[in-house]
Every structure is written in C-alpha cells, then in structure tokens.
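Scroll down for the structure; my scribbles are underneath it.
Please treat every number below as a calculation from the coordinates, not as lab data. In this text the structure is predicted, and so the values were computed from the model without any measurement. Ideal geometry is used to build each Cβ from the backbone, glycine not excepted, and the neighbour counts take in all protein chains shown.
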Amino acid sequence: MDKITVKKFSELSAMELYEILSARSAVFVVEQNCPYQDPDGKDIHSYHLYIASDDGKIKAYLRVCPATVARQDVTIGRVITVQRGTGLGAKLVKYAMQFAKKELGCDKIVISAQVQAQGFYEKCGFTACGDIYDEDGIPHTMMYAYI
C-alpha cells in the first residue's frame with residue numbers, strides 16, 4: 001500500500017528533505033533541462049506530501065502552500081512522480097486537495113501548471129484560466145479547482 005506522509009517543513013528529517021530535494025532536482029532541473037533555483041523560500045511555510053518506497057526513496061511528491069505563501073489562494077506545486085503512469089500523482093493531488101480543504105479551510109486551490117501536464121490536472125478537477133505564460137523557459141497556465 002502506498003502510504004501518504006504529510007509533514008510541515010520543520011517536521012522533515014534531514015534524510016527526508018534530502019530525498020525530496022533530490023527527486024525535485026532530478027525531474028525539474030535535470031530531466032526537463034531547466035536550471036532554476038528550486039529552494040525558493042516557500043518550502044519553509046508549506047506542507048510536504050509524499051509517497052516513499054520502503055527504503056525512503058520518493059515515489060511521488062508535492063507541496064501545499066497555504067494562502068499568501070505563494071499566491072493569495074492555497075496552491076499546490078512541485079508535483080512529481082518518479083515513475084509516471086502509476087496513478088500515484090493523481091492520488092497525491094486528490095489527497096492534497098482534501099487536505100487543503102480540511103486543514104486549511106479553503107474551497108479553492110490554484111496551480112501554475114506546465115502546459116504539457118494540463119490534461120493530467122484537468123482529470124484531477126482543475127480548470128485552466130488565463131493565457132499561457134513562460135516560467136523558467138517552460139510554457140505554463142494558471143489552473144484552479146473548487147473543492
């Protein structure tokens with residue numbers, strides 16, 4: 001069973017933080033060939049949700065930023081699955097949406113989605129809004145979901 005772990009930044013062990021940053025770097029910097037500053041100051045104020053293997057390796061991860069940390073609304077970001085097509089990404093996003101509703105009292109979540117992942121987010125209940133824009137050299141679109 002793939003257990004979802006939820007922790008505030010201060011609750012993460014050094015090894016958990018290392019695995020999270022390593023997985024994010026592997027996907028967003030190396031795989032997507034996009035050099036950017038991943039640690040952006042928002043992690044400290046966010047909730048970190050992940051699914052890990054028995055040896056602690058990240059299988060899926062995302063962060064939930066409370067309102068005003070990244071935007072006026074609650075946001076979900078840094079969504080990754082190490083092995084795509086497993087359903088873990090959708091499972092984690094849907095869990096994060098319910099977590100945000102229950103724990104943060106929100107009824108709307110906003111994401112800055114890579115355009116190539118727009119279909120994935122639509123299946124999770126998000127709707128695109130606004131124009132496509134460039135973020136770190138990758139086309140993005142704002143999306144929202146009411147929960």
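Brief remarks on what is shown
- Difference of contour (0.36 nm per residue) and Cα-Cα distance, Ile147 to Tyr36: 36.8 nm
- Charge dipole (Cα centre; +1 on Lys/Arg Cβ, -1 on Asp/Glu Cβ; no other charges) of the chain amounts to roughly 500 debye.
- Among Arg63, Arg84, Arg71, Arg78, sorting on how many other beta-carbon atoms sit within 10 Å of each Cβ, with the fewest leading, yields Arg84, Arg71, Arg78, Arg63.
- Cα-projected label distance for Asp107 with Lys3, points at 7 Å along beta-carbon direction, nm: 3.5 nm
- Taking the fewest neighbouring Cβ atoms within 10 Å as the starting point, the ordered list for Met1, Met97 is Met1, Met97.
- Part-to-part distance (alpha-carbon centres) for segment 121-147 and segment 1-74, which is given in Å: 19 Å
- Across the chain, the mean sequence separation of Cα contacts (distance under 8 Å, 6 or more residues apart), normalised by length, yields a relative contact order of 18 percent.
- Base-10 log of normalised Debye intensity for the chain (one unit scatterer per alpha-carbon) at q = 0.16, 0.20 Å⁻¹: -0.85, -1.43
- DSSP-defined beta bridges in the chain - what % are antiparallel, rounded to 5: 95 percent
- Order of Met142, Met15 - criterion: other Cβ atoms within 10 Å of each residue's Cβ, fewest first: Met15, Met142
- Here's the picture: charge each Lys and Arg Cβ at +1 and each Asp and Glu Cβ at -1 in segment 37-147, and of Thr141, Ala128, Ile51 the one pushed furthest to the positive end of that dipole is Ile51.
- Environment charge at Gly87 (Cβ cut-off 14 Å; Lys +1, Arg +1, Asp -1, Glu -1): +4
- Subset of Lys59/Lys101; Lys59/Lys94; Lys3/Lys94; Lys57/Lys102; Lys57/Lys101 violating a 22 Å alpha-carbon distance limit: Lys59/Lys101; Lys57/Lys102; Lys57/Lys101
- Here, segment 16-94 is characterised by an Rg to Rh ratio of 0.95, where Rg is the alpha-carbon radius of gyration and Rh the Kirkwood radius.
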